[in-house]
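I have placed the structure first, in the form of structure tokens, so that the comments after it can refer back to it.
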Amino acid sequence: MRKSNLTSLPAKPPRNWPLWISVVGFLLAMTLWSAHGIGFSLFELVCNIARGSRLLEESWPPDFAFTPRLFQPFMETIFIAIIGTVVGGILAIPIAILAARNLTLGPLVWFVDRNFMNILRTLPDLFWAMLFATAVGFGPVAGALALSVFTIAVISKLWSESLEAIDMGLPEAIRSVGGTWREMIQFGAMPQGLPHYVSYALYAFELNVRASMVLGLVGAGGIGMILKTQQANFEYERVTMIILAVLIAVLIIEEISEAIRRRLT
Amino acid sequence: MSERALKPPVQRIGWATWTTFIIAALFLISLWAIEFSPKIMLQVPGKVAEDLKAYYPPDMEYGWNAVLPAIVESIQIAWIGTIIAAILSLPLALFGARTLFPRVARVVKFISATARAFPEILLAIYFVPIVGLGPFAGALAIGISSVGMLTKLGAEVVDSIDFGPVEAVEASGGSRILALRYAVLPQVLPEIVAHWLFRFELNIRASAVLGVVGAGGVGGVLLNTLSYRHLEKAAAVLLLTIIVVLAIDMISGAIRRRIINS
Amino acid sequence: MSENSNASRAGAIRFSNAGIVYPNGVVGMKNLDLEIKPGEFVVVVGSSGAGKSTLLRAINGLNSLTSGKIEVDGQPVPEGVGRELRELRKRVGMIFQDFRLVKRLTVMSNVLIGRLGHVAAWRTLLNLWPIEDREIAIKALERVGISDKAWTKASDLSGGQQQRVGIARALAQEPAIILADEPVASLDPVTTHQVMQDLVRINRELGITTLVNLHFLDLAREYGERIIGLRFGELVYDGSADTVTDKDFEDIYGREVREDDVLDEDAV
């Protein structure tokens, strides 16, 4: 390619080669290493398409006759979600407030609470379910406890960030006329924070209904337990039925929840 | 002035109180339905405390030998799953922007809603019989599941951009595809990549869990140790998981902030 | 900019009884008969909503006619989207009030966008611009006097500088026609005059047909050759800038000339 003989431009700043190469190199290396580690193989994928379509055939049509047996476990799923949301929602309130830089009791408290909250967030809900199932036995109680912890994690993270963004005018005014910390929170911060809280609580409920679907896979109650037995017996038409039924229910619940949340904001 | 005038008028029962009543009622019904009794409630803290003693001290030798490889596998699963989802979701997000492609976007929205509906673990249940037990099934499950969410978020980002430059490109004779490349992508890429990174953080947690259905990763190890009540080993699993996830969260969060601010 | 391409450049525009009625019933253009010869410098004035933008955007197909005809160099402006329309748009450059640069890209990349219609798609998708097109872009930058900022990110420029990049982008197309839709409305007075002078100079040196929408009447008088006045989508004035009077402006606007209709308060 002929080089241009126009010289009116300033020199083009050179691309930051070291940065580019290391980023691209890292991405490539990570991808290749991971693909190798998990046994990724397009070949396998293509070969197994036949098996895949056979599985899809076996899974369809869903076993509608199975539905009556789903009712009770499904209600159990809902109950677990309710308990988890309520308990977790209540416990999340102090945790979230103390994790908000502008509302907390002091730097040490904030630090401890913030890290506590982050640690709660690291473990997936199924891990909590397994832990509680080991401690208090299999069944819906374990699931409810697990979801409570999960709910604390979800709500406190979202709500503490939202609390950090409120207008501090009124809380500061309350402090300056001699109000206690509790009064500042209750009368200064809560009026602004409560609508968000309700919205996040509803969101947590949606997540919990979904989550409690699968908690049963580790024995923590709800419809997941039936799912597990059916899957173990390779009754894929029933598995599909369960999943379908739950998905529809979840979608309905989410619609209702969204509608309520929209009315709030 | 009489004292009565200084008191606030009696408040009627507002909807907030009603809502609290309803929630409390639902709560109590649920407790009763799952046969929760005060006896159980009193036992719970005791049992949890008992277990906690058994978790200490964590068996770190087991940790290095058995747990770390499993955690590495979970990371790999999450990585590949996120890469698959990122590659698939980018074009889908572009075509799913109803401001750019009003008709196609509806189809894309439907696809992404369907993909989003399935928790990864349920997809894994289907993938395991297809490609066999192991992390490959897990990566595929995570990939498909994440495509839904990334497409939805990506389409929202595209919908929110400034369309002036798009029109300018087309007014100078460029096709829509070129407008995507030169006017849309430069505006949306940083935010979309940040979404990918956040998705990776979430997928680590998801992949950790997949081991429960045999799709690889640290979840299977945890399930094992708990089933045999080898609680010190389980403690090692938890400890290492927490540390690794926190580290990844921090690094990924820092990178995300750098990208958004570039 | 290669002077040889003058030969292929024409830039005649003809509206024949053109009309545009928007889906919501608003009339954007009504019974418009207008002929513009190649190389003319035309200023379009009118109050807000009079149809100035509609007129310009009909020429490059951003607005479609609902009645009548519009032709560029004898060819009707194609409807819909497609190859033909893109071919026409390659020859018509547009400058916008809000500049419409891609903020994250450099000035150079933004100007090269003007060449998109002329370069093979696979090349532009991979950002492999041929040397000839890059030289055209460089010359366009020189012509508006902003080549020293070639590698600056567009968002780091001032409003006036951004508009000059917008002009360079249009120039890079080597167009027959330039449409400037309120190009100076967002600029301060000093930069406004600079940009208007650039447009006049480009028109004189390169012979590109130029249509400029303005809402500052003193600018119209100062820089225009021919002035077109629109009111409610209809052509109500067509005359020379030398002979236009304040009364003519009042007729176009349907009211008295106000302070915010002129750039310099002294001109009122």
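Every number here is computed from the coordinates shown, using simple stated rules; none is lab data. What you see is a predicted model; the values in this text were computed from it and never measured. Neighbour counts run over all protein chains shown; Cβ positions are idealised from the backbone, glycine included.
Between the Cα long axis of helix C:189-206 and the first principal axis of chain C there is an angle of about 70°, rounded to the nearest 10. Using the Cβ-Cβ distance between A:Leu251 and C:Asn127 with R0 = 30 Å, the FRET efficiency computed as 1/(1 + (r/R0)^6) comes to roughly 0.10. Between C:Val27 and A:Met168, the modelled labels are 6.0 nm apart [label points 7 Å from Cα along Cα→Cβ]. Among beta bridges identified by DSSP and lying wholly in chain C, the antiparallel ones come to about 55 percent. Look at the dipole of the stretch C:102-174 built from charges on Cβ: of C:Gly145, C:Ser155, C:Leu126, the Cα furthest out on the positive end belongs to C:Ser155. Ellipticity at 222 nm from helices only: DSSP H runs of n ≥ 4 in chain A, each -39500 (n - 2.57), divided by the residue count, give -24500 deg cm²/dmol. As a calculated quantity, the FRET efficiency between C:Asp148 and B:Met60 at R0 = 51 Å, using C-beta atoms, amounts to about 0.25. Helices in chain B, meaning DSSP H runs of at least 4 residues, each add -39500 (n - 2.57). Divided by all residues, the mean residue ellipticity at 222 nm is -25500 deg cm²/dmol. Dipole check for the stretch B:59-261: with +1 at the C-beta of Lys and Arg, -1 at the C-beta of Asp and Glu, and the Cα centre as origin, the magnitude is about 460 Debye. Working from label points 7 Å from Cα in the Cα-to-Cβ sense, the B:Glu50 to C:Asp156 distance is 6.8 nm. Placing pseudo-labels 7 Å out from each Cα toward the beta carbon at B:Ile111 and A:Val46 gives an inter-label distance of 2.1 nm.
Taking each of A:Lys12/B:Lys152; C:Lys90/C:Lys149; A:Lys12/C:Lys103; A:Lys157/C:Lys103; C:Lys52/C:Lys90 in turn, the alpha-carbon distance tops 27 angstrom for A:Lys12/B:Lys152; A:Lys157/C:Lys103. Using just its DSSP H runs of length 4 or more, each adding -39500 (n - 2.57), chain C gives a mean residue ellipticity at 222 nm of -9500 deg cm²/dmol after division by all residues.
Looking at the protein assembly as shown, the DSSP beta bridges with both ends there are about 55 percent antiparallel. Rounded to the nearest 20, the size of the Cβ-charge dipole of the protein assembly as shown about its Cα centre is 1800 debye, with Lys and Arg at +1 and Asp and Glu at -1. When only Cα pairs below 8 angstrom with a gap of at least 6 residues are kept, chain C shows a relative contact order of 26 percent. Taking Cα centre as origin and charging only the Cβ of basic (Lys, Arg, +1) and acidic (Asp, Glu, -1) residues, the dipole magnitude of chain A rounds to 1020 debye. Counting beta carbons within 10 Å around each of C:Asp260, C:Asp133 and listing the fewest first gives the order C:Asp260, C:Asp133. Scanning chain A for trypsin sites (Lys or Arg not before Pro) that sit in a DSSP loop and have at most 14 other Cβ atoms within 10 Å, the longest stretch containing none of them is A:102-265. Dipole of the stretch A:170-265 computed with +1 at Lys/Arg Cβ and -1 at Asp/Glu Cβ about the Cα centre; of A:Gly179, A:Ala211, A:Gln230, farthest Cα towards the positive end is A:Gly179. Once a ≥ b ≥ c are taken as the square roots of the eigenvalues of the Cα gyration tensor of chain A, is the result rounded (a/c under 1.5), prolate (a/b larger than b/c) or oblate (a/b not larger than b/c)? Because a/c hits 1.5 or more and a/b fails to exceed b/c, chain A counts as oblate. Using only the Cα atoms of the stretch B:56-149, build the gyration tensor, take square roots of its eigenvalues as a ≥ b ≥ c, and label the shape rounded, prolate or oblate: rounded if a/c is under 1.5, else prolate if a/b is larger than b/c, else oblate. Prolate shape, in that a/c is at least 1.5 and a/b is the bigger ratio. By other beta-carbon atoms within 10 Å, ranking C:Thr66, B:Thr241 with the fewest at the front produces C:Thr66, B:Thr241. Over chain A, Cα pairs under 8 Å with separation of 6+ residues give a relative contact order of 25 percent.
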